[in-house]
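Every number here is computed from the coordinates shown, using simple stated rules; none is lab data. Given the structure is predicted, the values throughout are model-derived calculations rather than measurements. Cβ atoms come from the backbone with ideal geometry, glycine included; neighbour counts cover every protein chain shown.
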Amino acid sequence: MMRRSEFDREISRIAIPALGTLVADPVVSLVDTAFVGRIGVPELGALAVATAAFGVAFFLFNFLSYGVTPYVANAHAAGDTQRASQLIIAGLFAAVALGVASSAILIAGVGPILDLMGATADVVVPASTYLEIRALALPALLIVLVGHGAFRGYQDTKTPLWVSIGISVVNLVLDPLLIYGLDWGIAGAAWATVIAQWVGAGAFLWLLLVRNREDLGIERVRPTRRDFGKLFGAGWALIVRTAALVLAFTMATAVAARLGTVVVAAHQVAFQL
């Protein structure tokens, strides 16, 4: 029989909202799949290929979230607000820089990327449209990752949960409006996601740097090279681990794409479920 610990309540307070966030985050892709699937099979296949390509860039920089959390937590526990502030600001700077660079690479290389993914002729045009627009969300997405990591470092998992729910709700409202109401098709799905992610990024920036700045003790400081070094140093193991995982998923989508539009469309539905 398991004995109850004095820390059970504290663990539950942190873990349950964090679990809710893990559930809420994939809802955006699931909603996109549901709405785009009603446009047509080529569009659904295009969504699968473009999402897989976009996912590589996103997951490779996932370390921004998990790298920020322990350093902020250690600094916060030690009462070193300046150190915590420097690490958060360093994370935000890195998110913007990596996001802009990755976005530019995705947009410039959309043709070769889709060729590498094995996109068929009827999928290439809608996939290009979706990926070029969706790439604009990368800086916002990485800012959101840093926001998640920062608040977890302060042992606050409820705030990221509410932001994740907000992102999902914005996307859920905009998807039918832009896809069907304005007849933008798959481009509408991409714009809905871009807007939702930037709303989430704006929310985290406002919460960290304005609304909760004094409560969290976040100071207006300049990060040092050491801060960036610690952030990226902690991320290498995660990058290798994530790259291996994402490579498997991406290869599965690429194989499905080479088998035909219907197959890759079915793969997208099954993967989201």
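In table form, for the structure just shown:
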quantity	calculated
Region 77-215 - charge dipole about Cα centre, Lys and Arg +1 at Cβ, Asp and Glu -1, debye rounded to 20	400
Cβ charges +1 (Lys, Arg) and -1 (Asp, Glu), total dipole of the chain, debye	760
Least to most buried among HIS76, HIS148 (fewest other Cβ within 10 Å first)	HIS76, HIS148
Residue (of THR129, ALA95, GLY111) at the positive-pole extreme of the chain, dipole from beta-carbon charges	ALA95
Global form of region 72-115, assessed from the alpha-carbon gyration tensor, a/c cut-off 1.5	prolate
Principal-axis tilt of helix 27-36 within the chain, Cα atoms, nearest 10 degrees	20
Which of LEU47, GLN155, ILE165, positive extreme of dipole for the chain (C-beta unit charges)	GLN155
Crossing angle, helix 158-176 versus the chain [Cα axis fit, 0-90 degrees, rounded to tens]	20
